[in-house]
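Here the structure is laid out as structure tokens; the discussion comes afterwards.
Any read-out appearing in this document is the output of simple, stated calculations on the displayed coordinates, not a laboratory observation. Nothing here was measured: the structure is a model prediction, and the numbers come from that model. Here the Cβ positions follow ideal geometry from the backbone for every residue, glycine too, while neighbour counts run over all protein chains shown.
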């Protein structure tokens, strides 16, 4: 399944404001998931296996590291809950990083909102405006609207992926 996202990740410094906005929007709560994302060494983009109770997938994406909402091209394949793909990819490609997080998942129409508590990194908000038909103008506008609605300043936006942040904390 291929789709485009316009997305941003930010430090969650105003959790009460975000939760109040989710309530006002009548956001659909999907649940809280403990997710382990294993990133693999690949020549371009990012490849990871997500293992959780609610979400299990092989995900490849390409996105620039910019300190603003940005476009991401995503290809995803849903996986059964218990599978051997992570082990196979680790043996064949090598593991780059492992991200351990607790994620609250919400939806407002086509916009997916995550409230994340990432081990070793802290609390984050992620917003992904999703389009399966490539309507970049619409999803760019949605991402910007949610940034404003949640009171996220540009200084709070994080350009890097969780894997990059974990790698930066790891001893060389």
Kirkwood calc, the chain, C-alpha pairs only, radius in angstrom 16.5
For residue 144, placing the label point 7 angstrom along Cα-to-beta-carbon and taking the range 95-119, residues whose amide nitrogen sits under 16 Å are none
Scoring the chain by relative contact order with C-alpha pairs under 8 Å, at least six apart, yields a percentage of 32
Longest principal axis of the chain (C-alpha) makes with the long axis of helix 15-24 (C-alpha) an angle, in degrees to the nearest 10, of 70
